[in-house]
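For reference, the structure discussed in these notes is given below.
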Amino acid sequence: MRVGILALQGDFAAHAVVIQRLGHDVVRVRHARDFDALDALIIPGGESTAMLHGIDRDALDTPLRHFLASNRPVLGTCAGAILLARHVSGPSQPSYAALDIDVARNAYGTQIDSFTAPLDAGSSFPDFLAVFIRAPRIVRVGPEVNVLARMHGEPVLVRNANTWAATFHPELTEDDRPLRAWLEAPPNA
């Protein structure tokens, strides 16, 4: 597969390492033409406001919207989950509403409050140690959205068809199960 990673700001390099380790080609998406011939797209962690500025600056809004509407696999991690959400608070900001979730930005605290925690028993990836860095909190999940993983009872990995969002950073561990599952998932599972 040709997996694009929005490479304007944030943690795109770590995602690239994992995607290549899984045997896929990586395209660092920085220009509108970079969306051509992609099979999947990752919107990485970073700072969502800075990403929105970069998207605007580099005229990527329209090609990104077209990609999000194409039914190809999309994964948003941390800031990427914020950009995919229907509604954003703490403070509010624009988003692409590609996934029927509401998120609160930085809801687990500041950078120094970052932590790792195991996903709850019964999650799709038992014993996965998730990394949370200035993470958003999913405060509402729409009726068509499936919760794949929880931490302390709260949803931290969700999907609707081919669009997935994680409030943690699956690319920062050696355990590639969430990224592998996203790439291998049938679209309507």
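Here, each number is a calculation from the coordinates, and none is a lab measurement. All values reported here derive from a predicted model rather than from experimental measurement. Neighbour counts are summed over all protein chains in view; Cβ atoms, including those assigned to glycine, are modelled from backbone coordinates with ideal geometry.
Before moving on, here are some points about what is shown:
- Histogram of C-alpha separations across region 1-107, 10 Å bin width, %: 16, 51, 29, 4
- Rounded FRET efficiency, nearest 0.05, which uses the C-beta distance separating His66 from Asp25 and R0 of 35 Å: 0.95
- Tensor-based shape of region 78-189 (alpha-carbon gyration tensor, a/c under 1.5 rounded, otherwise prolate or oblate): oblate
- Point-to-point label distance, Val141-Ala97, nm (Cα→Cβ direction, 7 Å offset): 2.3 nm
- With viscosity 1.567 mPa s and temperature 4 °C, the Kirkwood radius over alpha carbon pairs of the chain converts through Stokes-Einstein to a diffusion coefficient of 80 µm²/s.
- Looking at region 75-184, none of the chymotrypsin sites (Phe, Trp or Tyr not before Pro) sits in a DSSP loop with at most 16 other Cβ atoms within 10 Å of its own Cβ.
- Potential extension, Glu184-Asp58 segment - 0.36 nm per residue separation minus Cα distance: 42.3 nm
- Candidates Gly45, Gly76, Gly153, ranked by Gaussian network fluctuation over the chain, Cα under 10 Å, top entry: Gly153
- Estimated 222 nm signal from helices in the chain, with DSSP H stretches of n ≥ 4 weighted -39500 (n - 2.57), rounded to 500: -6000 deg cm²/dmol
- Taking amide H positions as modeled 1.01 Å from N, with prolines and chain starts lacking one, the residues under 5 Å from Trp164 and 5 or more places away or on another chain are Val74, Leu75, Gly76.
- For Asp176 and His87, a Förster radius of 25 Å and the Cβ-Cβ distance give a FRET efficiency of 0.25, rounded to the nearest 0.05.
- Projected label points at Asp127 and Arg33, each 7 Å from Cα along the beta carbon direction, are separated by 4.7 nanometres.
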